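Below: one structure, written as structure tokens.
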Amino acid sequence: TFSIPAVQLTDAGSFTVVVTNGASSVESAPAVLIVTTTPVSPSITTQPVSTTVIVGNPVQLSVVAAGSSPLSYQWRKDGSPIAGATSASYSLAAATAADAGSYTVFVSNAVGNVTSDPAVITVFTPPSIVTPPAAQLSIAGSTATFSVVAICTAPLSFQWLKN
């Protein structure tokens, strides 16, 4: 790491690092330091992205924001704040159907605030047969009708198979 305590206007510039060992050396891409005397309101440079997840799987949303430090974050689901969701990313270890919705993040600092574009989490529930087809005894020439009751995230389709 390299730190500049008490940054001054003259510290602005492009910084690189050269890493060397007995074999060779490599130089990093430049990191630009912009120094301003005026605090900067937050802005979102990378919006959270909508995603689809199957029930029980993990899901993560993230945002990249710029502006004067410190930046504060508050994630919201369908407009309501999520308790404890106060970092640049929001994670669910195992998504449930109740987690489906529209998520935004409110980013603020001492100068202002900004709200991200919504990212929609869609949660799919795998199909489950609630009532299986029942065995039947039919007379030749009559109609035999099988039915099934299944639940899952729509749309669902059915394919009947014989043997």
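The values are calculated or read from the model by the stated rules, or taken from the named source; none is laboratory data. Everything numeric here is computed off the predicted structure, so don't read it as measured data. So basically every Cβ, Gly included, is an ideal-geometry build from the backbone, and we count neighbours across all protein chains shown. When the accessible area is computed, the model is the full protein with side chains, heavy atoms only, and any ligands, DNA or RNA have been set aside. Shrake-Rupley method; radii C 1.70, N 1.55, O 1.52, S 1.80 Å.
Annotations
- Distance distribution note for the stretch 26-80: the fraction of Cα pairs above 15 angstrom is 69%.
- Heavy-atom surface analysis with a 1.4 Å probe gives the chain a carbon and sulfur content of 59 percent of its accessible area.
- Contact order, relative form, for the stretch 1-137: 24 percent (alpha carbon pairs under 8 Å, 6 or more residues apart, mean separation divided by residue count).
- Heavy-atom accessible area per residue - the stretch 1-90, 1.4 Å, Å²: 68
- In this simple spin-label model, placing a label point 7 Å from the Cα along the Cα-to-Cβ direction at both residue 138 and residue 99 gives a separation of 4.4 nm.
- Per-residue SASA entry for residue 34, accessible area with 1.4 Å probe, Å² rounded to 10: 140
- Where N is the number of residues in the chain, Cα Rg divided by 2.2 N^0.38 Å: 1.79
- Taking each residue as 0.36 nm, the span from residue 33 to residue 131 lengthens on full extension beyond its C-alpha to C-alpha distance by 28.9 nm.
- Relative contact order of the stretch 4-70, pairs being alpha-carbon contacts under 8 Å that are 6 or more residues apart, as %: 27
- The stretch 10-104 shape via C-alpha gyration tensor axes, a/c threshold 1.5: oblate
- Cβ crowding within 10 Å averaged over residues, with 6-15, 95-104 ranked highest first: 95-104, 6-15
- For the stretch 68-87, the residues whose amide N sits under 16 Å from a probe point set 7 Å from the Cα of residue 46 along the beta carbon direction are 87.
- Chain lengthening between residue 158 and residue 89 when straightened (0.36 nm per residue, less Cα-Cα): 21.0 nm
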